[in-house]
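Asks: A single structure is presented below for examination.
The values are calculated or read from the model by the stated rules, or taken from the named source; none is laboratory data. Being a predicted model, the structure only gives us computed values, none of them experimental. Note that each Cβ is placed from the backbone with ideal geometry, even for glycine, and that neighbours are counted across all protein chains shown. Each accessible area value is taken on the protein alone, full model and side chains, heavy atoms only, with ligands, DNA and RNA left out. Shrake-Rupley method; radii C 1.70, N 1.55, O 1.52, S 1.80 Å.
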Amino acid sequence: MAKHFKGVVDIDVLDINEVPMFSQDDDQTNSPVIQNLSKKIKAADGVIIATPEHNHSIPAALKNVIEWLSYEIHPFDGKPVMIVGASYHTQGSSRAQLHLRQILEAPGVNAVVLPGNEFLLGDVKSAFDENDDLKDQRTVEFLQSTLKKFLMFAKVINMIGKTDDAENEDLSAKKGTDTTVEGVDMNADDWLDQAAKKTNAASGNDYVKLDSGLLTVNQLDYFLKTIPIELTYVDENNQFLYYNRAVPVEKMLAKRVPAQVGDSLDKVHPNISRVITHVKQVISALRNGDTDLVSMPVPGGDAEKHHVMHYYKAMHYEDNNYKGVNEWAVDLKPIVDEYLKSTGQKLVKDPDAKVDATSGASKKPEAPTTDATSGASEEVVKPELEVDATSSASKH
């Protein structure tokens, strides 16, 4: 299916070989293999489960996976699922599929299984050619028709179950993730010291191997501190883990103090409903892939001397799993001034620009006009988000 229908749908085949045996006494829900399965399922529009038949039922390995994914985490909840199966003999996994449907509809799993449309492949040893393609064209056509029905089914189920994801964004960081330091109060003022001790964290002249370099912790720390922009990192669990403390607090564009490191996001931001709502909207948009970058000007201060911008960039591992937000704040005014000075140019006010005077955010203009003599487009600003001037947080 993944190979033959790649022009119709993207199917990511997940490996379950490394899944540990389920045990409530040895909870491994937070292990990388379980978390990866959960995140992949949550992110998918639908799930296809292929099963053989073992003694009139599904194999123990598949049941084991479902146990993990219905114990402390529930990625199948409300998720559209399609079942296919194959067997050595003529029954085509019919009894296994019936049993699997019952399991998937059990409390704690709560999957939404495509009704009917059973794809039962019998005599599987002789069903494929030397290229691992199904020999019988009618079988391929039936599988394709079933898959198309599932795509329509998944679209409807996802539309019915769609909620405002921003409302569900948890800023309290209670869920945890595979890198969360357990057993340390994340809102403690000395969280950094406690967490470093708990994890035996590298420090000082210990070497750290990076993707494209080898640095000591001290070198890495100095390097980040001297970057001429303010950096902040918030992980996928919405825990504030780092900022580069390059200047005194009173001179920072986005003021942070060491005691905030480790805090959940709801502790870092003012407890004002409007602010919290807008923070959730930004995080949710980045987490769900609605956008990869959010940028906004920060109003206030001396506009003649400063133009402060905040940027929020979604971070992803190589497997495309969302791993948090890279935020940076920068004053663009000195950069623009230096550019103008070195090039002998100057800024000229655009009489046609429509600027929101209360926030300094430009409203999205019509298509840029073109200078007929040079072919150069006039400079326009196209912000992705409308900015609330009182909070500097963006509306989605």
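Asks: Under the definition of Cα pairs under 8 Å and six or more residues apart, what whole-number percent is the relative contact order of the chain?
Replies: Answer for the chain is 10 percent.
Asks: Would you give the gap between the C-alpha center of the range 161-238 and the C-alpha center of the range 244-267, rounded to a whole Å?
Replies: That distance is 13 Å.
Asks: Against the longest principal axis of the chain, how steep is helix 32-43, in degrees 0 to 90 to the nearest 10, with axes from Cα atoms?
Replies: On a 0 to 90 degree scale, this one is about 80.
Asks: Follow-up question, since we're still on this one. Angle between the Cα long axis of helix 94-104 and the longest principal axis of the chain, 0 to 90 degrees, nearest 10?
Replies: 40
Asks: Cα atoms only, the range 32-168: Rg and Dmax in Å?
Replies: Every Cα atom of the range 32-168 included, Rg and Dmax give 15.9, 52 Å.
Asks: For a protection proxy built on the mean count of beta-carbon atoms within 10 angstrom, sort 23-32, 99-108 highest first, please.
Replies: Ranked from most to least packed, the peptides come out as 99-108, 23-32.
Asks: Next up: Before I look further, what does the chain give for accessible area per residue, probe 1.4 Å, in whole square angstrom?
Replies: Accessible area per residue: 62 Å².
Asks: Can you tell me the 0 to 90 degree angle between the C-alpha axis of helix 137-161 and the longest principal axis of the chain, rounded to 10?
Replies: 50
Asks: Also: Looking at the calculated P(r) for the chain, what percent of the C-alpha pair distances fall above 28 Å?
Replies: 61
Asks: Okay, next question. Counting DSSP beta bridges in the chain, what percent are antiparallel, to the nearest 5?
Replies: Close to 75 percent.
Asks: Further question: Under a Cβ-only charge scheme (Lys and Arg +1, Asp and Glu -1), can you give me the dipole magnitude of the chain about the Cα centre, in debye to the nearest 20?
Replies: 500
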